[in-house]
1. Yes or no: Asp6 open to solvent by 60 Å² or more (accessible area, probe 1.4 Å) and of a type in the set (D, E, K, R)?
2. If I go through the range 128-156 residue by residue, how many of them are on the phi < 0 side of the Ramachandran plot and open to solvent by 70 Å² or more (accessible area, probe 1.4 Å)?
3. Limited to the range 126-140, what total is found for residues that are in contact (Cβ under 8 Å) with a residue 24 or more places away in the chain and touching a helix residue (DSSP H, G or I) at 6+ places or on another chain (Cβ under 7 Å)?
4. Considering each of Ile114, Ile159 in turn, give the residue that is closer than 24 Å to Leu26 by Cβ and among the aliphatic types (A, V, I, L, M).
5. Provide a single number: the residues in the range 49-91 that are part of a loop (DSSP other than H, G, I, E, B) and open to solvent by 70 Å² or more (accessible area, probe 1.4 Å).
6. Do we have Phe108 as out of contact with any helix residue (DSSP H, G or I) (no Cβ under 9 Å at 6 or more places or on another chain), part of a helix (DSSP H, G or I) and of a type in the set (A, V, I, L, M, F, W, C) here?
7. Taking into account only those residues within the range 9-48 that are β-branched (Val, Ile, Thr) and part of a loop (DSSP other than H, G, I, E, B), which is most open to solvent (accessible area, probe 1.4 Å)?
8. Of these, Ile121, Ile160, Ile114, Ile168, which one is surrounded by 14 or more Cβ atoms within 10 Å (Cβ to Cβ), of a type in the set (Val, Ile, Thr) and either in contact (Cβ under 8 Å) with a residue 12 or more places away in the chain or out of contact with any Lys or Arg (no Cβ under 6 Å at 6 or more places or on another chain) (or both)?
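The values are calculated or read from the model by the stated rules, or taken from the named source; none is laboratory data. On a predicted model such as this, the values are computed, not experimentally measured, just so you know. Cβ coordinates were reconstructed from backbone atoms using ideal geometry, including for glycine residues, and neighbour counts include every protein chain displayed. In case anyone asks, the SASA skips ligands and DNA or RNA and just uses the protein heavy atoms, side chains included. Shrake-Rupley method; radii C 1.70, N 1.55, O 1.52, S 1.80 Å.
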Amino acid sequence: MTRPFDGFWDLKNEKRGSVGAAMVILFFVILARIIVRQYTGFVFNQNDLTELNLINEVAGVILPFVLWCVANWALTTLFDGEGNFKEIVMFSAYALVPYVIINIPLAFISQGLIDSEGAFITFFSNLGVAWSGFLLFVGTLTIHQYTPGKTFGIILFIIIGMGIILFIGMLFFILIQQMINFVISFIKEIALRLA
């Protein structure tokens with residue numbers, strides 16, 4: 001986290017890191033999201049604490065992560081990226097460590113703060129997100145051996161690609177739902193005609 005260029009270089013060239021460790025980090029990101037939602041001080045928390053939906057919280061982390069990894073792999077393969085899918089999953093998960101390190105303690109610290117100290121909560125929360133974003137940038141640059149300009153451009157394409165994948169996925173599920181409804185109504189109609 002403090003020497004990202006060296007860390008991601010070691011991940012790429014010296015085969016340090018593992019998918020198992022990346023999955024543990026992803027679990028802690030989900031845990032951090034739940035802790036922030038449920039245990040942030042009531043002065044700063046706008047959530048209804050009685051309506052926690054674990055499926056939504058897990059999907060809110062896993063879905064963007066998977067979309068990022070798939071879009072990253074698909075686009076960097078087309079644009080001469082040197083990283084493979086395993087390395088993309090690892091560096092993407094490792095880049096989320098600052099989010100966990102900052103937000104879990106921040107949620108509990110917010111219990112003792114007053115409204116006028118909310119700027120500290122906002123600052124440190126944004127710092128965790130910005131630091132993770134910077135690590136994603138450096139990871140993409142290092143793993144795929146891009147220049148900074150090309151890395152910035154490919155990240156924009158990855159974000160657009162995530163949207164396209166999500167759109168196609170939604171269209172697919174809507175199409176499947178309409179086909180199922182058609183088959184059900186067709187069967188019902190046949191049953192009514194035969195009765």
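1. Considered against the rule, which asks whether it is open to solvent by 60 Å² or more (accessible area, probe 1.4 Å) and of a type in the set (D, E, K, R), Asp6 comes out as yes.
2. The qualifying residues number 8.
3. Going through the range 126-140 one residue at a time, the tally reaches 10.
4. Result of the check over Ile114, Ile159: Ile159.
5. Qualifying residue count, the range 49-91: 7.
6. So Phe108 fails the test.
7. Residue satisfying both the conditions and the ranking: Val43.
8. Ile121
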